[in-house]
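A short reminder: the numbers here are calculations on the coordinates, not readings from a lab. Note that this is a predicted model, so its numbers are computed, not measured. As a convention, Cβ positions derive from the backbone with ideal geometry for all residues, glycine included, and neighbour counts pool all protein chains shown.
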């Protein structure tokens with residue numbers, strides 16, 4: 001059967017692959033809306049919300065695009081309701097799902113595109129964190145995929161007929177990827193490797209098109225360069241320091257990074273994807289793998305996909321990467337698309353059961369997690385003392401009520417402060433811009449750039465800390481008095497304790 005015959009004859013139940021992927025996008029969009037409305041901000045989300053209260057050219061932790069989107073959403077809607085702010089990110093992932101389908105369709109068949117889209121949505125990390133929450137990964141994935149889609153036209157389509165237009169457009173998408181996350185460097189490296197190793201594509205090294213793309217990307221990325229130049233290259237230093245910090249060989253961290261990324265990507269999807277990625281490397285830059293795919297396309301995906309997986313896994317050997325198992329996500333994204341092509345090439349009953357079963361399992365897992373995060377039902381089913389990771393999604397409404405009672409929002413020379421970037425994010429969701437907010441501990445990250453200490457000399461403050469962290473604030477005030485200790489509850493069950501509130505006078509910058 002020819003590729004054309006397979007394209008025309010393959011259906012998914014009563015639907016064409018195009019119709020099926022639109023239904024997949026619609027169904028997952030509705031589910032993410034429901035989940036996004038049901039649970040509160042996560043750790044990163046609360047921090048990003050607080051960071052985005054002020055517009056900057058760039059930020060300490062990451063490039064600015066995701067924070068610009070949060071800022072613009074709050075400015076345009078006048079709201080910081082959790083679903084309102086999450087909605088653009090949910091919409092971006094809906095577009096990303098279509099791009100995954102379109103890429104799979106371009107290099108193989110519409111069925112391959114649908115299977116690739118199904119696999120990506122069956123991955124817990126992509127479906128929940130990247131697909132639903134206000135994370136830098138959502139715009140990064142969107143523009144990463146857009147760049148790849150244009151590169152396919154350059155290398156396997158109309159690149160010879162209109163090279164400058166395609167390369168300029170690729171540069172724009174690449175620049176927006178860089179403006180989302182520094183991971184875009186792997187997109188450049190993988191593409192460059194593909195050009196170098198593929199004799200039929202090596203002529204691009206002598207062409208002005210790729211260099212035009214890099215120039216356009218650099219121009220789009222220039223706000224980050226400008227901000228870093230104005231702030232002692234703080235962001236580059238911070239991110240580079242995380243990867244290059246030496247602490248001896250950390251085999252425990254290395255093993256944790258391996259099982260952590262497999263868990264995030266779902267083992268029954270991640271392990272086959274790594275196998276398919278290895279096969280693609282063996283096929284080489286001009287090989288046809290899977291058999292019906294566009295020759296050389298698998299190598300392009302492998303050269304782009306493997307570097308972030310290998311690099312961030314190896315980094316855990318000498319640097320404390322903590323629990324950042326999502327850093328490899330763009331690499332797995334490329335391998336998942338290849339796996340969709342491989343699945344469509346075979347399309348056996350076993351493969352269909354595996355893919356649909358994976359999607360059903362992820363839906364069940366996420367349904368249990370989200371409903372528990374919203375209601376705490378598992379506390380009643382499994383009573384006892386156990387640490388609940390979904391407690392990180394709880395709003396600190398008790399804190400907001402306590403500060404309201406104390407008159408913290410009534411004006412005057414009073415601001416509110418925290419001493420740790422994680423706590424500061426949660427605190428600021430309750431402050432909600434009603435009074436100045438400061439993060440004055442040793443690790444404020446983005447939040448240090450939202451507060452000018454000299455402007456608040458002599459002011460009083462309400463300081464919110466967890467146990468022991470008040471010591472970070474003590475040198476900055478003439479006097480500090482404890483006024484309350486709060487618990488955070490969900491449906492009457494205490495989940496977080498020892499959140500202390502202090503009244504401080506005479507701020508000393």
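Listed peptides 270-276, 419-425, 339-345, 361-367 appear in the order 339-345, 419-425, 270-276, 361-367 once ranked by packing, highest mean of other Cβ atoms within 10 Å at the front. Between residue 55 and residue 482, the modelled label-to-label distance comes to 4.4 nm, taking each label 7 Å out from Cα in the direction of the beta carbon. Taken over region 336-404, the percentage of Cα pairs per 5 Å bin, counting from 0 up to the bin with the maximum distance, is 3, 13, 14, 14, 11, 10, 10, 10, 7, 4, 3, 2, 0. Neighbour counting of Cβ atoms within 10 Å sorts the residues 428, 452, 61, fewest neighbours leading, into 452, 61, 428.
Ranked highest first by average number of other Cβ atoms within 10 Å, how do 230-240, 99-109 line up? Display every interim value, and only then the final one.
Working: 230-240: 14.6, 99-109: 24.8.
Result, highest mean Cβ count within 10 Å first: 99-109, 230-240.
For region 364-391 and region 191-224, write down the distance between their C-alpha centroids in whole Å. Region 364-391 and region 191-224 have Cα centres spaced 48 Å from each other.
For the chain, the longest principal axis of the C-alpha atoms and the axis of helix 329-346 are separated by about 30°.
Helix 421-431 axis versus longest C-alpha principal axis of the chain: approximately 70°, rounded to the nearest ten.
Model label sites at residue 215 and residue 322, defined 7 Å from Cα along the beta-carbon direction, differ in position by 4.1 nm.
The spacing between region 16-42 and region 106-136, judged by their C-alpha centroids, is 11 Å. Once the chain from residue 281 to residue 197 is taken as fully extended at 0.36 nm per residue, the excess over their C-alpha distance is 29.1 nm. Placing dummy labels 7 Å off each Cα toward the beta-carbon, the span from residue 371 to residue 38 is 0.7 nm.
What the Cβ-Cβ distance of residue 83 and residue 255 gives, at R0 = 51 Å and to the nearest 0.05, is a FRET efficiency of 0.85.
For each of 227, 211, count neighbouring Cβ atoms within 10 Å of the residue's Cβ, then give the residues from fewest to most. Please report the intermediate quantities before stating the final value.
Values: 227 20, 211 13.
Neighbour counts put them in this order, fewest first: 211, 227.
Taking only DSSP H segments of four or more residues, each worth -39500 (n - 2.57), what value at 222 nm results for the chain once the sum is divided by all its residues, to the nearest 500 deg cm²/dmol? Write out the running numbers ahead of the final one.
On the way: 19 runs with 296 residues, N = 509.
Calculated from helices alone, the mean residue ellipticity at 222 nm is -19000 deg cm²/dmol.
Round to the nearest 0.05 the FRET efficiency obtained for residue 263 and residue 288 when R0 = 25 Å and r is the Cβ-Cβ distance. After rounding to 0.05, the efficiency reads 0.15. For region 277-377, the gyration tensor built on C-alpha atoms gives an oblate shape. Its axis ratio a/c (a ≥ b ≥ c) is at least 1.5, and a/b is not larger than b/c. How far is helix 65-77 tilted off the main Cα axis of the chain, in degrees rounded to 10, range 0 to 90? The helix 65-77 is inclined about 60 degrees to the chain. Protection proxy ranking of 253-260, 157-164, 392-399, by the mean of other Cβ atoms within 10 Å over each peptide's residues and highest first, is 392-399, 253-260, 157-164. Determine the shape class of region 428-476: with a ≥ b ≥ c the square roots of the Cα gyration tensor eigenvalues, call it rounded for a/c under 1.5, and otherwise prolate if a/b is greater than b/c, oblate otherwise. Rounded, since a/c falls under 1.5.
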